[in-house]
1. Would you list which aspartates and glutamates come within 17 Å of residue 79, measuring only between C-alpha atoms, while excluding same-chain residues fewer than 8 positions from it?
2. Using 21 Å as the Cα-Cα cut-off, could you pick out the over-long pairs in 26/57; 168/235; 135/236; 216/236; 73/116?
3. How big is the convex hull of the Cα atoms of segment 11-109, per residue, in Å³?
4. Using alpha carbons only, how many angstrom separate the centre of segment 103-117 from the centre of segment 40-60?
5. Which trypsin sites (Lys or Arg not before Pro) from segment 94-123 combine a DSSP loop assignment with at most 11 other Cβ atoms within 10 Å?
6. Label segment 50-154 by shape, choosing from rounded, prolate and oblate, from the square roots a ≥ b ≥ c of the eigenvalues of the Cα gyration tensor; if a/c is under 1.5 it is rounded, and otherwise prolate applies when a/b is larger than b/c, oblate when it is not.
7. Mind listing P(r) for segment 54-101? All alpha-carbon pairs, 5 Å bins, whole percents.
8. Averaged per residue, what accessible surface does segment 98-150 expose to a 1.4 Å probe, in Å²?
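The values are calculated or read from the model by the stated rules, or taken from the named source; none is laboratory data. What you see is a predicted model; the values in this text were computed from it and never measured. Positions of Cβ are generated from backbone atoms using ideal geometry, with glycine treated the same way; all protein chains shown enter the neighbour counts. Keep in mind that these areas ignore ligands, DNA and RNA; they rest on the heavy atoms of the full protein, side chains included. Shrake-Rupley method; radii C 1.70, N 1.55, O 1.52, S 1.80 Å.
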Amino acid sequence: MKKYLILLTLFLSYGVKAQTIEYLQKGDTLQKPYYQQFIFICDSTDMASYKLVARIKATGSLKHTTNLYYSIKDAAQSKGANAYKLESLKRLNATDSELILSTYYVDGDFFNDNFKYIPKNKVFVFGNDDLTADKEQGYKVQGDKHTISSGQYKVFHIGENDEIKVSKGGITGMAYWFKRKEYGHSSFITFSGFGINGATANPGYNGVGVSFNTGKINNVEPNLALFLVKIYEEKK
């Protein structure tokens, strides 16, 4: 019998959002990860030797789509999952959507195998996660003007000797410089509040940042960011 659970989830400044969680399938595993992780599984990663913990569906508002992700993450981690794969995101009507993730317990060689397929040496800029509205935000890269709308992402490649400057909010805003990082880790940022990796961008995470009064640039947790790459539209 399918089990239903209504989760009331508080995330950042969004307030309380009700999400409906349904377990579509449960695996047979008693293993628990040592660290609380929720790693994005790339499409090309071989999962034949890893155990499915649960396939979970979340239904809720498109206004903050990331809340659907967080609801499944909490439910999956409570069952011992430490990785996930996107199955589908379906719009139900003008305001609601349905997200399905398959969640797994992974260990050993998975981490290196999966990392091979993650984008390297790039900066990803994400628009707002409110998919019910078209909220356009302006910013600059190397002094050139750009815009990003809700449900969009933009990719900038970091050359071997490049230093990419991203700024938001003019002379009273924030400027941030990105260089290549060890092992090619990409950077993921947003000008909205969702998915913040601790706080606003900081030197220990991406390089060098200078913050003033307005126009904050926020980090997005990489495993959430890779989920957004799958459901957002790339702006060319």
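1. Correct list for residue 79: 22, 28, 107.
2. From the list (26/57; 168/235; 135/236; 216/236; 73/116), the Cα-Cα distance tops 21 Å for 216/236; 73/116.
3. It comes to 106 Å³ per residue, whole-number rounded.
4. Between the Cα centres of segment 103-117 and segment 40-60 lies a distance of 11 Å.
5. Answer by residue number: 116.
6. oblate
7. All Cα pairs considered, the percentages come to 5, 24, 33, 21, 11, 5, 1.
8. 45
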